[in-house]
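Chemist: Starting off with a structure, shown below.
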Amino acid sequence: MSGRAAAIAVADGSCPRCGSARGPDDRYCLDCGLALPRVTGRLPGLRRAWLRSVGWYPGDWIWGALLALLVAVAGTAAAIVVSGRRAPKAIAVFTAPATVAVAAPTPVVSTTPRSRTTATSTLPVPPEPGTNGRLTWPKDENGWTVVLVSYPKVSGRAQALDTAAKAARGLRQVGILDSGGFASLQPGYLVVFAGVYPSKAAADAAVPTARQAGFGGAYSRQIAR
C-alpha cells in the first residue's frame, strides 16, 4: 500500500482526535466521544481526492473556506464591473492659478534633548537549525502537546517525516514520536506533534495556531509514559 493510500485508510478508519480505530458506520468515537466525520458520500470523496493529490489533509473546514473565497472573488469582480459602467466621465476644468503669500515659519528652538527610539521586531523567533521537525520527546518527562497528524507505524514513516518538515516551516518544537512508547497513546502510530507543554490549558491555547498553519484536525493530547 502506498503512503497516500495508507493516509486515506487512516483518515477513514480512525478517530481524527485520538486515533482510535472506528467502523464505517460509527457516528461517535468509542474512546473520546468525538462526533466522527462520515466516510461515505460527496465530502469523504473530496477528502480522499485531496489526500491522493497532496498526501495530507487540513480538515473538512477547507471546503467551506474555499467556497467562501470563491463567493468573495465573484462578488468583488461583479462590483468592479458595475462600478466601471456607472463611473461618470471626468470633466477637465482649467482655472488661473491663484497667488498665495506664505509667511516664513518661525523657527522653534527646543530646549529638551532628543530621545532615541529603538524599533522592536515583531517577527517570530526562528527555530534552531537542524532540530525543528526532528525534535524528540524529552526523556522520562510527561506533559501535553498538540498532535498534528498520526500515521501507521508500519508504512507511514516517510509521510510523517515529510509532514514534520512542512510543519516546521511555521511551527516551533515539531517532532515525531512512536505512540508505542507512551501509555497515554494507542500503539502502532507515528505521531507528528508540535510543542511540549506543562498543562492541558497551555496545549489547548496552542491548538488554534496549529490549525491556522494548515492542520485543521490538530488537537491537544497528554503524553505520559
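Only the coordinates and a few stated rules stand behind these numbers; no lab work does. Predicted, not measured: the structure shown is a model, and the values here were computed from it.
Chemist: List, in order, the whole-Hz ³J(HN,Hα) value for each residue of segment 32-39 obtained from phi through the Karplus relation with A = 6.51, B = -1.76, C = 1.60 and θ = phi - 60°; use x for Gly and Pro.
Modeler: The phi angles translate into 10, x, 5, 5, 7, x, 5, 10 Hz.
Chemist: Still on this model: Compute the Cα gyration tensor for segment 143-223, then decide on rounded, prolate or oblate, letting a ≥ b ≥ c be the square roots of its eigenvalues: rounded whenever a/c is under 1.5, prolate when a/b is larger than b/c in the other cases, and oblate in all that remain.
Modeler: oblate
Chemist: Continuing with the same structure: I'd like the Karplus ³J(HN,Hα) series for segment 175-190: coefficients 6.51, -1.76, 1.60, θ = phi - 60°, whole numbers in Hz, and an x wherever there's a Gly or Pro.
Modeler: x, 10, 10, 8, 4, x, x, 9, 5, 7, 10, 6, x, x, 10, 9
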